[in-house]
C-alpha cells in the first residue's frame with residue numbers, strides 16, 4: 001500500500017508540468033509545421049544490418065529518424081519494425097507505397113526502372129565506395145588467382161560484402177578459372193574481418209576475400225599483418241549501400257530529407273547510427289557513381305546465364 005507521500009511524489013506539480021511543456025514546445029511547434037507537408041514514406045532494407053545487433057540497430061535508427069524530423073522540420077513515416085526484407089522493399093517501391101528506400105545495390109538493380117535516375121544519398125568522401133581484395137601470405141609463393149586452386153578461402157560476409165560473390169565470380173571467369181565452388185578446396189565465411197584475415201596470417205587459411213577498409217583497419221592495429229599479407233586481386237571502387245528516391249517524387253519533404261546530416265557527430269543519435277552502419281557523413285551524389293557496381297552485377301548475371309534485371313544499366 002502506497003504512503004500519502006509516495007502518491008504525492010507520483011504526481012506532477014503545476015510547475016513541473018509547465019517546465020515539461022516549455023521543454024517540448026520547440027519540438028511540438030516544429031512537428032506541427034512538418035505536418036503541413038506530406039511525410040516522407042521511408043523503407044529500410046534489413047540487408048543493411050545483417051552484421052549488427054538488430055534490436056540495437058532498430059533503436060538507433062528510430063532515434064536518428066526522430067532527430068532528423070526535428071532538425072530538418074520534416075515528417076518521416078516508417079513501419080514499426082523499421083527494417084524490411086528485400087521482397088517487401090521491392091513490393092512497396094514498385095507499388096509506389098514508399099517515397100525513399102535505403103537499400104543495397106542488388107536491390108537497386110531490381111528497382112532501377114522505378115527509382116530516380118539522377119541522384120541518391122550515400123556515404124560522403126573516399127569511404128563512400130568500397131573495394132574488395134583477395135589476400136594471401138607473402139611467403140606462400142602464391143601470386144595469382146590460379147595459384148589458389150584447391151586452396152582454402154575465407155570470405156567476409158555482411159552488408160558491405162553484398163557484391164563479394166558476384167565480383168569473385170567475374171574475376172575467376174576473367175582468369176579462365178572454374179566457379180568458386182568448384183575452384184577452391186573449401187570456402188568458409190564469417191561476419192568479422194579479423195576472423196577472416198587473421199587465419200591467413202596464421203596459416204589456417206590460404207586466402208581471404210575481404211574489403212580494403214577492413215584490411216587497412218587490421219593493419220593499423222597490427223602492422224605485421226600488412227607486412228605479411230599481399231593483395232593478389234582487387235575490385236574497382238563500388239558504391240554498395242545508399243538511399244534512393246522513387247521516380248518523379250519531388251516537393252518540400254524530399255528536399256528537406258535530402259539535407260541529411262553531413263556530419264554524423266551532430267547528435268548522440270547520429271553518432272550511434274553512424275557507428276552501427278559504419279559511416280560518418282552522408283551526401284547527395286550523381287547516379288553515375290553506381291556504374292562500377294552495376295557492371296559487376298550485370299557480368300555476374302551473364303555468367304549465370306540470366307537475363308539482366310529490370311532497369312538496365314546507367
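Quick notes on this one:
- Evaluation of residue 80 against (1) outside any strand (DSSP E or B); (2) closer than 22 Å to residue 285 by Cα; (3) out of contact with any strand residue (DSSP E or B) (no Cβ under 8 Å at 6 or more places or on another chain) (one fails), failing number: (2)
- Test: residue in region 169-180 that is modelled with pLDDT of 95 or more, assigned to a strand (DSSP E or B) and buried (at least 21 other Cβ atoms within 10 Å of the Cβ): no
- Residue check: residue 189 meets all listed conditions (1) in contact with a strand residue (DSSP E or B) (Cβ under 6 Å, 6 or more places away or on another chain); (2) without any contact (Cβ under 8 Å) to a residue 40 or more places away in the chain; (3) crowded, with 20+ Cβ neighbours inside 10 Å but one, namely (3).
- Of all residues in region 132-156 being part of a strand (DSSP E or B) and touching a residue at least 60 places away in the same chain (Cβ under 8 Å), the one that is surrounded by the fewest Cβ atoms within 10 Å (Cβ to Cβ): 137
- Selection within region 75-90: residues that are closer than 20 Å to residue 252 by Cα and surrounded by 15 or more Cβ atoms within 10 Å (Cβ to Cβ). The member of this set that is farthest from the chain's Cα centre (by Cα) is 75.
- Residue match in region 249-257 (condition: modelled with pLDDT of 90 or more, out of contact with any helix residue (DSSP H, G or I) (no Cβ under 7 Å at 6 or more places or on another chain) and assigned by TED's automatic domain parsing to the domain that holds residue 112): yes
- When region 36-74 is filtered for residues that are crowded, with 20+ Cβ neighbours inside 10 Å and assigned to a loop (DSSP other than H, G, I, E, B), only 74 remains.
Condition check ((1) in contact with a strand residue (DSSP E or B) (Cβ under 6 Å, 6 or more places away or on another chain); (2) outside the structural domain of residue 228 (by TED's automatic domain parsing); (3) farther than 23 Å from residue 304 by Cβ; (4) free of Cβ contacts under 8 Å to residues at least 40 places away in the same chain) across all residues:
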residue	(1), (2), (3), (4)
88	no, yes, yes, no
99	yes, yes, yes, no
115	yes, yes, yes, no
174	no, no, no, yes
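The values are calculated or read from the model by the stated rules, or taken from the named source; none is laboratory data. Please read these numbers as outputs of a predicted model, since none were measured by experiment. Positions of Cβ are backbone-derived with ideal geometry, glycine not excepted, and every protein chain shown enters the neighbour counts.
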